[in-house]
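The values are calculated or read from the model by the stated rules, or taken from the named source; none is laboratory data. Predicted, not measured: the structure shown is a model, and the values here were computed from it. All Cβ positions, glycine included, derive from the backbone under ideal geometry; neighbour counts span all protein chains shown. Areas reflect the complete protein model, heavy atoms only, side chains present, ligands, DNA and RNA absent. Shrake-Rupley method; radii C 1.70, N 1.55, O 1.52, S 1.80 Å.
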Amino acid sequence: MGDEDWSQEKINAWPAQGALTPEHITSRLDKNVEGSYAIQQDEKQPLQDTFASASTSAVPGNGQVLTESAFISLLYTKAALPRCSEGEEAGRIIYETLWYLSTVPFPRGNSQLQSRPDGLSLAQIKRALAWALPDRWRHIVEQGNFSRMRTEHDRQRLLFQSLATSTTPSSAQDEIRTRSRSLVHRHAFEVPEMFRDFSVVNNDEDGDEIYHDLLDVLYSTQEVKDISLSPVHRDAFRSIAKKIKADEQIPELHTLAIPAQRFKDLVKVLLALQTEPVNEGDAVDPSQFGDAAQAVCAAFTQEDGVITWPSFSHALENSAPHLLDPLYRLLSLALLGKHSPIEVLDAPEAPSDVPEGSVLTLPRVSQIVSILAETFDAGALQRTAHYTPPNFTAPSSLIRAIQNVPDEAIVLFSGRITTAAQKGEQCIFGLFSPAPKKDGSSIQAATEVDPDNAGQQSCALFQLAPVQDVFRGVVGTAGWSIPTDAESVVFGHAGNASSAEHLKGSVAMALTDGLRRAEIRHWGEGADADGNRAEGVVYKANPYRGDWALGFTVENIEIWSEPKE
């Protein structure tokens with residue numbers, strides 16, 4: 001009997017034994033969670049104790065459950081969730097996220113979301129945490145030459161799915177399907193080189209990423225009675241997985257979307273929790289973070305006003321890579337008895353010395369932390385220079401002020417937009433330079449700046465309003481220059497319409513008229529989404545934002561840095 005015949009014979013026997021029902025597969029998945037480090041050893045007792053103290057009896061015979069209200073109460077008392085309407089709404093969203101993740105690999109479609117039970121069992125919570133927290137899924141899903149390698153993108157996608165309570169407009173679904181397929185060809189191979197031979201694209205003619213999640217779990221939960229025998233290979237489950245997908249009405253990824261308001265409600269609180277208050281016990285007010293949350297949400301939202309998996313993935317990877325860190329800390333504090341999972345940074349303190357009227361308000365600090373958390377200490381920031389009209393300094397003096405800071409330089413340029421479509425709106429752009437004495441002539445590699453910090457980032461331009469975005473510098477290029485007129489400063493390579501092809505994939509910011517005016521030119525149309533650059537690019541454009549130009553009148557220039565130890 002060939003391997004394929006042997007595998008198919010085993011799979012065909014399992015349905016009659018009840019081994020391929022959702023209940024049995026979920027039970028086997030729970031055994032994987034219990035028998036692994038998905039919940040770490042020092043987390044098991046705190047989780048057990050917390051659940052015992054906060055749970056209530058469910059329907060007779062169904063054991064204890066943690067209700068939504070009890071979970072929100074835990075977030076208030078153990079995790080410092082703000083006690084206000086914004087905090088309560090974020091708590092509801094997080095609870096719904098846990099419920100959704102507890103159903104993987106049998107997630108419900110939008111029409112079924114109202115059927116969730118009144119509470120979560122301890123097993124459901126453990127299962128949800130294993131999918132939610134960074135790196136935990138490795139302990140419950142088998143990877144290797146008989147299966148495939150999962151990546152952090154798969155985990156982030158599950159979080160997207162858990163927030164996606166809306167449907168992508170039918171007119172956009174074909175485009176989203178195409179973009180999702182393009183993404184998996186890159187994401188699937190973002191694993192250590194030694195495991196790349198085991199990487200498999202998880203979107204093909206049989207099904208999309210959600211279907212492949214089911215394949216991963218079917219392979220990982222099969223009953224192996226003799227460990228000396230090879231398990232049934234993952235691909236052998238394809239036919240039965242298609243049947244289960246149809247029977248369970250499992251949705252397809254390209255149909256799912258996050259409502260913009262729902263995401264903003266969550267982001268407002270996540271930004272409020274990006275930093276710790278200067279004084280212990282001080283309450284943070286999420287209502288102050290509305291404008292910042294709107295800017296972050298704009299980075300995640302497509303032109304048609306919805307947040308789909310491709311737009312979510314791109315923004316989380318590029319524009320706000322640390323946005324979800326407070327979510328992981330909330331779950332860890334409320335349920336696992338520790339400040340942060342080992343894979344997540346602790347929240348930094350907020351700056352303690354912020355002059356009144358600064359551009360760098362606490363919400364703007366939170367935005368920068370969501371971008372650059374691993375590269376600077378927010379609590380140590382001090383303003384080293386501040387310029388306002390009509391007392392702007394000379395361009396050469398501005399550059400000297402940037403280069404003479406004690407550590408990294410964070411430079412903010414704020415004002416009002418003069419471009420017609422957005423005229424009068426607040427605009428904030430910035431420069432992050434970890435090596436300001438060198439980045440001007442040659443942007444330094446992250447490993448040259450700090451070889452001991454795996455999260456160190458190189459010089460970049462960024463935007464905080466009206467959209468949050470990051471334009472990362474190309475190592476070895478000149479980060480800024482003063483043209484021969486000596487009345488302006490250019491960050492990036494100055495260009496015009498005639499050189500647009502040469503500058504495809506780049507962004508540049510020019511301060512002119514003695515620093516009184518700023519113009520941003522962004523050549524994103526046709527740029528390589530994989531980050532490959534054309535000749536002449538200094539700061540990389542966002543390929544999803546196309547070509548645009550924006551002008552604003554500069555009202556404030558601030559330079560911030562950390563004091564040298």
Inset, instruction - Give, as residue ranges, the helices (runs of 4 or more DSSP H) completely inside the stretch 186-294 that count at least 2 residues that are in contact with a Cys (Cβ under 6 Å, 6 or more places away or on another chain) and over 30 Å from residue 31 (Cα atoms). - result: 260-272
Inset, instruction - Being in a loop (DSSP other than H, G, I, E, B) and in contact with a strand residue (DSSP E or B) (Cβ under 7 Å, 6 or more places away or on another chain) is the filter; apply it to the stretch 301-318 and report the residue that is modelled with the lowest pLDDT. - result: 306
Inset, instruction - Return yes or no: is residue 303 of a type outside the set (Phe, Trp, Tyr) and over 25 Å from residue 562 (Cα atoms)? - result: yes
Inset, instruction - Go through the residues of the stretch 381-397 one by one and say whether even a single one is assigned to a helix (DSSP H, G or I), in contact (Cβ under 8 Å) with a residue 12 or more places away in the chain and either open to solvent by less than 20 Å² (accessible area, probe 1.4 Å) or more than 23 Å from residue 450 (Cβ to Cβ) (or both). - result: yes
Legend entry - Selected residue (only one of 465, 527 is open to solvent by less than 40 Å² (accessible area, probe 1.4 Å) and either modelled with pLDDT of 95 or more or in contact with a His (Cβ under 8 Å, 6 or more places away or on another chain) (or both)): 465
Inset, instruction - Determine which single condition residue 160 fails, assuming it passes every other condition in (1) in a helix (DSSP H, G or I); (2) touching a Pro at 6+ places or on another chain (Cβ under 9 Å); (3) not hydroxyl-bearing (Ser, Thr, Tyr). - result: (2)
Inset, instruction - Taking residue 42 as the residue in question, decide whether it is open to solvent by 80 Å² or more (accessible area, probe 1.4 Å) and at pLDDT 85 or above. - result: yes
Inset, instruction - Inspect the stretch 53-60 for any residue being free of Cβ contacts under 8 Å to residues at least 12 places away in the same chain and within 30 Å of residue 287 (Cβ to Cβ) and give the result as yes or no. - result: no
Legend entry - Candidate set from the stretch 193-210 (those that are among the hydrophobic types (A, V, I, L, M, F, W, C) and out of contact with any Lys or Arg (no Cβ under 7 Å at 6 or more places or on another chain)); member that is most open to solvent (accessible area, probe 1.4 Å): 194
Inset, instruction - Say whether the condition of being modelled with pLDDT of 95 or more and under 25 Å from residue 295 (Cβ atoms) is met by at least one residue in the stretch 478-487. - result: yes
Inset, instruction - State which residue pairs qualify: first residue touching a residue at least 24 places away in the same chain (Cβ under 8 Å) and inside the stretch 259-270, second residue outside any helix (DSSP H, G or I) and surrounded by fewer than 19 Cβ atoms within 10 Å (Cβ to Cβ) in any location, beta carbons under 7 Å apart, and separation of 6 or more residues or different chains. - result: 259/165; 259/166; 260/305; 262/165
Inset, instruction - With the condition kept exactly as written, say whether any residue in the stretch 337-345 is buried (at least 18 other Cβ atoms within 10 Å of the Cβ), closer than 28 Å to residue 542 by Cβ and in contact (Cβ under 8 Å) with a residue 40 or more places away in the chain. - result: yes
Legend entry - Filtered residue count, the stretch 432-459, keeping only those that are aliphatic (A, V, I, L, M) and open to solvent by 40 Å² or more (accessible area, probe 1.4 Å): 2
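Residue by residue, here is whether (1) in a loop (DSSP other than H, G, I, E, B); (2) among the hydroxyl-bearing types (Ser, Thr, Tyr); (3) over 21 Å from residue 74 (Cα atoms); (4) out of contact with any strand residue (DSSP E or B) (no Cβ under 8 Å at 6 or more places or on another chain) holds:
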{"site": "320", "(1), (2), (3), (4)": "yes, no, yes, yes"}
{"site": "332", "(1), (2), (3), (4)": "no, yes, no, yes"}
{"site": "358", "(1), (2), (3), (4)": "yes, yes, yes, no"}
{"site": "367", "(1), (2), (3), (4)": "no, no, yes, no"}
{"site": "375", "(1), (2), (3), (4)": "yes, yes, yes, no"}
{"site": "400", "(1), (2), (3), (4)": "no, no, yes, yes"}
Legend entry - Options 128, 164; residue that is in contact with a strand residue (DSSP E or B) (Cβ under 8 Å, 6 or more places away or on another chain), under 21 Å from residue 101 (Cβ atoms) and free of Cβ contacts under 8 Å to residues at least 40 places away in the same chain: 128
Inset, instruction - Give the stretch 402-431 a look and list any residue that's open to solvent by 30 Å² or more (accessible area, probe 1.4 Å), in a loop (DSSP other than H, G, I, E, B) and more than 19 Å from residue 319 (Cβ to Cβ), or say none. - result: 404, 406, 407, 418, 419, 423, 424
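Condition check ((1) under 25 Å from residue 233 (Cβ atoms); (2) at pLDDT 95 or above; (3) open to solvent by 70 Å² or more (accessible area, probe 1.4 Å)) across all residues:
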{"residue": "116", "(1), (2), (3)": "no, no, no"}
{"residue": "120", "(1), (2), (3)": "no, yes, no"}
{"residue": "125", "(1), (2), (3)": "no, yes, no"}
{"residue": "133", "(1), (2), (3)": "no, yes, no"}
{"residue": "138", "(1), (2), (3)": "yes, no, yes"}
{"residue": "152", "(1), (2), (3)": "yes, no, no"}
{"residue": "157", "(1), (2), (3)": "yes, yes, no"}
{"residue": "185", "(1), (2), (3)": "yes, no, yes"}
{"residue": "191", "(1), (2), (3)": "yes, no, no"}
Legend entry - Every residue from the stretch 306-319 that is closer than 15 Å to residue 157 by Cα and hydrophobic (A, V, I, L, M, F, W, C): 307, 309, 312, 315, 316
Inset, instruction - Tell me, please, whether a residue that is open to solvent by 40 Å² or more (accessible area, probe 1.4 Å) and either under 24 Å from residue 35 (Cα atoms) or small (Gly, Ala, Ser) (or both) can be found in the stretch 242-249. - result: yes
